[in-house]
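Reading through the structure tokens given below for one structure.
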Amino acid sequence: MDSDGYSSEIFTLLRQFFPLLISLLDDVLAVALARFGCHVPWLEKIMPFVFSGVTLYVVIHAGKVIYEFWQRKRHFPSPPNVSSLQ
């Protein structure tokens, strides 16, 4: 088995989910610090911006995937439905 192939796939997957991981880390940090009684005002202020950025990234990425799907479907139309009983 080629371990280099797996590492490139893992790197690609992490790169695609990087904004989501940052958002999750931001939330985990805020909750963990709040449980210890430590409130960090700047962290609470940037949370909406991080959430907005991740939402924008997901919308743009989903739009790109949907656009590519429709482009492939238009270039390669499905064959007509032919019954095997004819």
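The values are calculated or read from the model by the stated rules, or taken from the named source; none is laboratory data. Just so you know, these numbers come straight off a predicted model, no measurement behind them. Quick note on the areas: whole protein, heavy atoms, side chains included, nothing else; ligands and nucleic acids left out. Shrake-Rupley method; radii C 1.70, N 1.55, O 1.52, S 1.80 Å.
Top to bottom by accessible area (1.4 Å), largest first, where do Arg74, Arg35 land?
The ordering from most to least exposed comes out as Arg35, Arg74.
Along its three principal axes, how long is the range 31-80 when you only count alpha carbons? Whole Å, largest extent first please.
Principal-axis extents of the Cα atoms in the range 31-80, largest first: 65, 17, 8 Å.
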